[in-house]
Amino acid sequence: MNHWFKSGKPYIWLTAGAVSVSLIAVLGLLALIAWRGLSYFWPAAIYELEVTAQDGSTQVIIGEIYDREEVSYERLQESGLAIAGDGDEMLERWLLKVGNRELVPLDFMWVLAPQVVRQDTPKDLAVLERAKDGNFYGYIVDVLENGQSVVTADHSIRDVLAERIERAVQLSEQAADLQQGDIGAINYQLNRLRLERRSLGLEEQLTPAEEQRIQAEETALQQQYQELEKVLFTYREEANRDSVVVRDMRGIDVEIPMYRVLDVAYPNDMGVFSKLGHFFGQVGKFVTEDPREANTEGGVFPAIFGTVFMVLLMSVIVTPFGVIAAVYLHEYAGKNTITRLIRIAVINLAGVPSIVYGVFGLGFFVYMVGGSLDQIFYPEALPSPTFGTPGVMWSAITLAILTLPVVIVSTEEGLSRIPSSLREGSLALGATKAETLWRIILPMASPAIMTGLILAVARAAGEVAPLMLVGVVKSAPMLPVDGNFPYFHLDRKFMHLGFHIYDVGFQSPNVEAARPLVYATSLLLVTVIVGLNLTAIGVRNHLREKYRSLES
Amino acid sequence: MAASQRAQLEASNVRLVKDKVARWGITFGGGLVLIALLLIFFYLLYVVAPIFRSVSIDPMHNFALAGSGQTVALGMEEQSEIGFRFDDTGELTFFALKERIGTSWQPGDVLLQQQVASQPTAFTATQPQNKRYAYALAEGAVQVVEPKFRSRFEHGVRYTTPYIDPAEHPVIAIDPQQRTLVKLAYEYQGNSQLFAAVTDDQRVIVNLLQASRSFLTGTTELKPKFTELPLQGSVDDLLVTPDLRQVIVRQGNRLSIFSVSRTGTVTEQQTLTVDRRQFGPITSMSLLAGASSIMIGHDNGRITQWFEVATENGRQYKYIRQFQAGQSAIESIVSEFYRRTFYTISATGEVGVFHTTSEADLYFEKVGQLHAEHLVIDPRANTVLIESNNQLHTFELHNEHPEVTWSGLWQEVWYEGYPEPQYVWQSTSGSDAFEPKFSLVPISFGTIKAAAYAMIFAVPIGLAAAVYTAYFMSPRARKVVKPTVEIMEALPTVILGFLAGLWLAPIIEQYLPGFVATLILVPTSIIVVAALTSVLPKEWRNRCTDGRAAVILVPIVVVVGWLSFELSPWVEQTFFGGNVREYITNELGITFDQRNSLVVGIAMGFAVIPTIFSIAEDAIFSVPKHLSQGSLALGATTWQTLTKVVLLTASPGIFSAVMMGLGRAVGETMIVLMATGNTPILDWNIFEGMRTLSANIAIEMPESEVGSSHYRILFLAAFVLFIFTFAFNTLAELVRQRLRDKYSSM
């Protein structure tokens, strides 16, 4: 035995165990996120449970089973539940999501499995997805138009309901479009006029003629606004017409106005294919819709948009600088102290904690540079800051510095793989160094630059800490790009997927209800980032193969 | 011909110029990287530097004293544009302090002069932030005076005018016996007013006046509650705290502290004898901003601070610390409006500036060569007004960050109300009277604690995995395994933090015994499996080679881990009475938080493993093959070769891997932010959380006021992080470069 230990075999196996543990951790983590994230979109069965409490009273509960766990009798008894049983024995309890938030005190409920006397999944049970107060679970009883039932014998209630919901959703979409589009534009114009007047006033050029012009424009806009408002009100009135009557788990009929209802589903009556259809529908909604209920429901479109926009902006900044620095280090730099210093600087830029970049960005870019820009270019808006406040531009610049080393390292690696015979050949044919660089080397290194850029994008997409200081917000009313001149609003704040996870998971009022959404967002982010990284690895490997053949 | 040649030459000139431009442009671009790093460094330094700047006092104006008689109090309004002076004849004079746009003011111009009290016998001022003054009149009556300022805006220019409203403060009778008052103290809170006075027959009286609304008439009237204090002998000083709960009477070196109840009942709380031999005779006394501390000036230039500390006999005033302002007697102590800064005037005319919390001696000099007699600070602490030899002088005061000193940041400080000196980080609070507590020790400790637990977890796994992958694994498997582990590095830490906080933390709490069992059972089972493979029949043994161990072990680790967690409730039931958490809290007396260091260690460990793994693996893999092959050829086993040759050669690389990992763990923000409770505590307990420098910045930065001490200290925290990681990374990089040179020569 001693001899066996001396041979080192157990230690070798222990090191192998470390690899296994790492692999399990990586794959397990990805699997966990994928499973939890995807199950958010899968229509879960809705149960109708009849529960007998300890005192003999029964209660019907309708909801999704959210979680199951084993608890000992002892722990239950300690928590004040009068329940008979041996202390050591375990029993199962279920966490049910019962929804109907405005009617019950808590939309989550613990049920002890042994107390359930009846358990059904009736096909008629419906889930109403609502714009406010979360899901509603119950049986559809009636559909009303102006208080009159519109369900007739020759139309099934489900068809009628679906049709009415579609109409209501369309109306509210039209209203939202109007509000954000035309009315938003009018507000933007009005604000622009206000600033123009102030600006003229500051320069003391506010002549009566100018004043009149501005006032005339303002009145015209106000009139437009009033007309649009009328249209908006008609939409709202129209939407108020229908309502749906649902019987909830207490057996009471509840009337829900149709404009609150976004969708209806009967998960217990779905086959695999219709579930799959519903699943993809939900995924689609998740990536295209705006968040609702303080981000805990609805989609994440503004966060996706914000992340992508910020990352693109960052790429535009980081690529030229990173490539130039890499070219300098590999093609021009001599073997001297400055080169060594620059290399140490690159390593350190990669190693400095991201929060330090955030602090630097906040102090230097936002307050110092942004503050000065405001004083020079936007004095009319002061004291409310334009660029002197966190925004998408500062976030992009801050992250550009943060990801600079990624681009440099990757590009340099690509440059070092280009055989020097190519350079020498080009120079020997009379090309200058700049021409060689531009015509021969950079085109050949472009996949490596691409790799660096992809890695930089992946890094930036997942970074949250610095963004919390330089521009990310919980909920941005306006996207950084819209139809108002100059179309790109780099001073605006934006939403970000990573921050969305932090915010919804830790700062939201109803963490339990929002958790599945956080998993779904995490899955989205992880998919994007792992995808980008795998692409980068693929491109790099491809590149290596290519030059291996060139070298030989 | 000639023309085309010229054209060619010109073209080649253009090409050369282009080449040169490219060279310079690219060189400059390369230099930008260095500039960026230097910019970060120097910008952080630039923001941090002012907190260590000393106090400076620069002269502005001087002018003749306005009004008559002897000065009893000076004051300034918020913008320090107007000053005022109370004198012993009962006259209040407002005067301009500086020239102002839109007015013809010259410094010293009298703006308003008014007799506010006739033949006063005593005078007192409230704490600076309460802005009231009181004269004692004949027959035990008191006149309260409140200098007021009215601001109006015309064309964007602010005009301030002083005024007083005599109707607001009618004369109040304090002493029912109507004796002349020779000493007076006064404070108010809302409608309640507390007076303490000494009469000419040496009685010390206290009178609490509370407003009450009469049921019948609906008018408010002041209801007095009069008490005579049981004190004999002459009184030197009299103080009333602004919360109206205490009266402090000084007779020589003896301080009698009386507490006043809400209804006005006065009881003796403490008699404090300030040791004459130890500290010296008392010459002056004053309350510090926030009114929790008594500052006592002594005749030997010493100032001592006393505040209430919880003891067995309730809260008692205690000696805390002392300051030294020259050798001559302290004539008066002036405290600032909000901060714990105070100013002293010595008998020889020097002015001293001190801050209590940071124990900072900020200034001690004769300001402008003057013998200062009276001194006052404006509410924003930007201007000093000094009376000297019937002249008034204004000075600009630069004292932005007195509360920060190097020792205050890194050493124990005795904060007001605390039983003993402590390291505390508590930057903000709701009230103005709050004493900010800026000790970087708890949050630096938190950083080290988090990094340490992460490293305990990450170093063994990361290094062992690197060794195996680089040395034992088949090249084909390595090609898959390495990128897979490295993918983990790309995982956003916000996701790791979220999983740690909301998924892992509850699991660990529920299955703690299972988790501990995993730590023991998984390695044991690995060794058992290793032993089993060596006793297997030959054909099986050939399949279970060392190179395949990692793959074989994956299902085993999963099953053993799952079993351990399945066993957890049983272990809990049998050994810990059904509830480990309660067992730890009650039986072992260890605090248990759900989001604790263990969770952070695991989550951050996973974030650090890929860093360590990747660099260490590279280092081991690039050890020249002839070294290991030589060793094997000489008869060493693979394990011997590994430990004696390969690891030794690669050790600098492994060191740099650990350094890089440490650098990453120190700076990580989101994981600690989400997976701990973020409480700044000083405790290694694995079941409690911590607050790290980085998380602290993320939490507090958005709320801190730009340019405030708090803001700059957060920058200092960022600077500390920068330096930490800079040191680790530079060290690691230098080691790695040397290693690379060494290998290339081998």
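Here, each number is a calculation from the coordinates, and none is a lab measurement. Remember, it's a predicted structure, so these values are computed and weren't measured experimentally. Positions of Cβ are generated from backbone atoms using ideal geometry, with glycine treated the same way; all protein chains shown enter the neighbour counts.
Overview of results
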{"read-out": "Counted charge near residue B:698, where neighbours are those whose Cβ lies closer than 15 Å (Asp, Glu -1; Lys, Arg +1)", "value": "-3"}
{"read-out": "Residue B:112-residue B:192 FRET efficiency (beta carbon distance; Förster radius 35 Å; 0.05 resolution)", "value": "0.75"}
{"read-out": "Residues residue A:34 and residue A:2, FRET efficiency given R0 of 56 Å [Cβ-Cβ distance, rounded to 0.05]", "value": "0.75"}
{"read-out": "Set of the stretch B:104-133 residues, backbone N closer than 19 Å to the point 7 Å along the Cα-Cβ line of residue B:88", "value": "B:115-125"}
{"read-out": "Computed over the stretch A:443-552, Kirkwood Rh from alpha-carbon pairs, angstrom", "value": "16.6"}
{"read-out": "Length-normalised contact order of chain A in % [C-alpha pairs under 8 Å, at least 6 apart]", "value": "14"}
{"read-out": "Set of aspartates and glutamates near residue B:449 by C-alpha distance (under 14 Å), chain-local residues within fewer than 8 positions excluded", "value": "B:668, B:683, B:688"}
{"read-out": "Spatial extent of the stretch B:630-702: Rg and Dmax, with the Cα atoms as the point set, Å", "value": "20.5, 64"}
{"read-out": "Descending semi-axes in whole angstrom, ellipsoid equivalent of the stretch B:70-173, from the Cα gyration tensor", "value": "27, 14, 11"}
{"read-out": "Theoretical ellipticity at 222 nm over chain A - DSSP helices of four or more residues, -39500 (n - 2.57) apiece, nearest 500", "value": "-18500 deg cm²/dmol"}
{"read-out": "Over the stretch B:486-612, relative contact order from alpha-carbon pairs under 8 Å, at least 6 apart, %", "value": "45"}
{"read-out": "Relative contact order for chain B, counting Cα pairs under 8 Å that sit 6 or more residues apart, in percent", "value": "10"}
{"read-out": "Theoretical FRET efficiency, 1/(1+(r/R0)^6), r = Cβ-Cβ of residue A:212 and residue A:190, R0 22 Å, to 0.05", "value": "0.85"}
{"read-out": "Cut-off under 5 Å, modelled amide H: who pairs with residue B:122 long-range", "value": "B:136"}
{"read-out": "Descending principal axes extents, the stretch A:257-372, alpha-carbon based, whole Å", "value": "74, 38, 22"}
{"read-out": "Over the stretch A:61-205: Kirkwood hydrodynamic radius from C-alpha pairwise inverse distances, Å", "value": "20.9"}
{"read-out": "0 to 90° range, to nearest 10: angle between helix A:9-39 axis and chain A longest Cα axis", "value": "60"}
{"read-out": "Peptide ranges B:252-261, A:111-120 listed from the most packed, as the mean C-beta count within 10 angstrom indicates", "value": "B:252-261, A:111-120"}
{"read-out": "Inter-chain Cβ neighbour average for residues B:545-558, partner chain, 10 Å", "value": "5"}
{"read-out": "Reachable lysines from residue B:148, criterion Cα separation under 20 angstrom, eight or more residues apart if same chain", "value": "B:98, B:131"}
{"read-out": "Spatial separation of Cα centroids for the stretch A:248-295 and the stretch A:1-63, in angstrom", "value": "28"}
{"read-out": "Cross-link pairs beyond the 21 Å C-alpha cut-off, checked among A:132/A:275; A:335/A:433; B:625/B:742; A:433/A:546; A:6/B:644; A:9/B:644", "value": "A:132/A:275; A:433/A:546"}
{"read-out": "For chain A, alpha-carbon Rg over 2.2 N^0.38 Å", "value": "1.27"}
{"read-out": "Residues A:150, B:413, sorted so that the one with the fewest Cβ neighbours within 10 Å comes first", "value": "A:150, B:413"}
{"read-out": "Tilt relative to chain A, helix A:157-178 - C-alpha long axis, 0 to 90 degrees, to 10", "value": "40"}
{"read-out": "Diffusion coefficient, µm² s⁻¹, Stokes-Einstein with Kirkwood Rh over alpha-carbon pairs of chain B at 37 °C and 0.692 mPa s", "value": "102"}
{"read-out": "For the stretch A:329-466: span of alpha carbons on each principal axis (Å, largest first)", "value": "62, 30, 30"}
{"read-out": "Radius of gyration, Dmax [the stretch A:139-265; alpha carbons; angstrom]", "value": "23.0, 74"}
{"read-out": "Rounded tilt (10° steps) of B:2-48 against the dominant C-alpha axis of chain B", "value": "60"}
{"read-out": "Cα-based Kirkwood hydrodynamic radius, the stretch B:66-128, one decimal, Å", "value": "12.4"}
{"read-out": "Cα lying deepest toward the dipole's positive end in the stretch A:301-510, options A:407, A:419, A:438, charges on Cβ", "value": "A:419"}
{"read-out": "Separation of alpha-carbon centers, the stretch B:140-208 and the stretch A:159-178, rounded to whole Å", "value": "69"}
{"read-out": "Pair-distance profile P(r), taking every C-alpha pair of the protein assembly as shown, with 20 angstrom steps and integer %", "value": "8, 27, 32, 25, 8, 1, 0"}
{"read-out": "Normalised alpha carbon radius of gyration of the stretch B:440-745 [divisor 2.2 N^0.38 Å]", "value": "1.14"}
{"read-out": "P(r), alpha carbons of the stretch A:212-260 - 10 Å bins starting at zero, rounded %", "value": "22, 24, 19, 16, 11, 6, 1"}
{"read-out": "Calculated log₁₀ intensity ratio I(q)/I(0) where the Debye formula runs over C-alpha points of the stretch A:374-435, q = 0.13 Å⁻¹", "value": "-0.63"}
{"read-out": "Euclidean distance of C-alpha centroids, the stretch B:249-298 and the stretch A:477-548, integer Å", "value": "62"}
